[in-house]
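Please treat every number below as a calculation from the coordinates, not as lab data. None of these values were measured; they are calculated from a predicted model. All Cβ positions, glycine included, derive from the backbone under ideal geometry; neighbour counts span all protein chains shown.
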Amino acid sequence: MRETVEARILFVDDEPNVLAAIKRQLYRRYQVDTAVGPEEGLKAVTGQGPYAVVVSDMRMPGMNGAQFLAKVRELFPDTVRMILTGYAELEAAMEAVNEGHIFRFLTKPCSPEALVAALEQGLEHYRLVTGEKQLLAELAEMNRQLKQQQQLLQTIFAAIPDLIILKDTSLAYQAVNPAFCQFLGKSEADILGRRDADLFPAAEAQERRRWDEEILAAGESRMNDEEFTGVQGQAWFQVLRSPVMQNGVPVGLLSACRNISARKKAQEVFQRHKSRLQNLAAALEEQEGGLEAGSDGA
């Protein structure tokens, strides 16, 4: 489609003098092409179309204007189609309009003012039709891209091994990932809309609520270690809480929880071994002190 298609108009008539006069009237205002007879008109439409508006004389040899414009409609449905007709063909022209194939008919002789007014209305109609289709196409493409992004996010969300939790400002669960459902041994439907008091022991839920409220009040992210009770018992998690902000106001709370039970266990083992080594060192030091005292007495 050419960049100037909005103002491109084709006039079709079997009288070259009529076409020349129309072009002289309109060339300063529009990009006007002309074709002598319906056959040349179809060649112009197929070779240089689409046109915004096609205006055809009604009475032409071999094919009348209504028949010609019906073929134009098959090729380019969005093109606005008009007929120039004398009073003798008025009834046939009106039938074509009533059938829905013609946007408007103009009677001969047609004043330049009436012709320009009709063309302006035709061009505006073309812009509306093509603009709506373009908008719908853009919306369809945006929806397609949005669905792709949502599918990608859902795939990533499902693959994350950490527990991901989204709550609203009332601290009700709005979204969780499969890892969280698996940890609790509950379905997503059994979790969404509920609060920690519905899912965890009372003391644990109360502590978690305190942390959540502090983060929402502060409006900044914080991290701490917490113990969660799941379907297989207790586990330690490093929890990063971040407020979801909109126009500077928190509208939710996002938490990412990484299981650190193995690290906690390793730390406990390390502390036990460290304590044993410290006790052993103290015992050896005491034993050495006793030996030294015995040798001095001898």
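Rounded to the nearest angstrom and ordered from largest down, what semi-axes does the equivalent ellipsoid of the range 165-246 get from its C-alpha gyration tensor (root of 5λ)?
Numbers: eigenvalues 79, 45, 27 Å².
Rounded to whole Å, the semi-axes are 20, 15, 12.
Note on the chain: Cα convex hull, mean projected area over all directions, 31.0 nm². Arranged from fewest to most other beta-carbon atoms within 10 Å of their beta carbon, MET245, MET82 become MET245, MET82. Against the compact-protein benchmark of 2.2 N^0.38 Å, the Cα-based radius of gyration of the range 5-139 scales to 0.99. Close amide-amide hydrogen proximity is noted between ALA175 and LEU166, each under 5 Å apart and 5 or more residues distant or on a separate chain (H modeled in the peptide plane; Pro and chain starts excluded). Mind checking which lysines have their C-alpha under 22 Å from LYS23, skipping anything on the same chain fewer than 8 residues away? LYS23 reaches LYS43, LYS108.
Counting every other Cβ atom within 10 Å of each residue's Cβ, ARG208, ARG144, ARG222, ARG81 order from fewest to most as ARG144, ARG222, ARG208, ARG81.
About its Cα centre, what dipole magnitude does the range 5-139 give when the only charges are +1 on Lys and Arg Cβ and -1 on Asp and Glu Cβ, stated in debye to the nearest 20?
Details: 14 positive and 19 negative charges, 71 e Å.
Using only the charged Cβ atoms, the result is roughly 340 debye.
Computed from label points 7 Å out along Cα-Cβ, the spacing between GLU40 and GLU120 is 3.0 nm. Using every pair of distinct Cα positions in the range 22-79, the Kirkwood expression returns a hydrodynamic radius of 11.8 angstrom.
Think of it as helices only: each DSSP H run of n ≥ 4 in the chain is worth -39500 (n - 2.57), and spread over all residues that comes to -18000 deg cm²/dmol at 222 nm. In the chain, taking the dipole from charged Cβ atoms about the Cα centre, the farthest positive-side position among THR34, GLN267, VAL53 is held by THR34. Computed about its Cα centre, the charge dipole of the chain is approximately 480 debye, with only Lys, Arg, Asp and Glu carrying charge at their Cβ.
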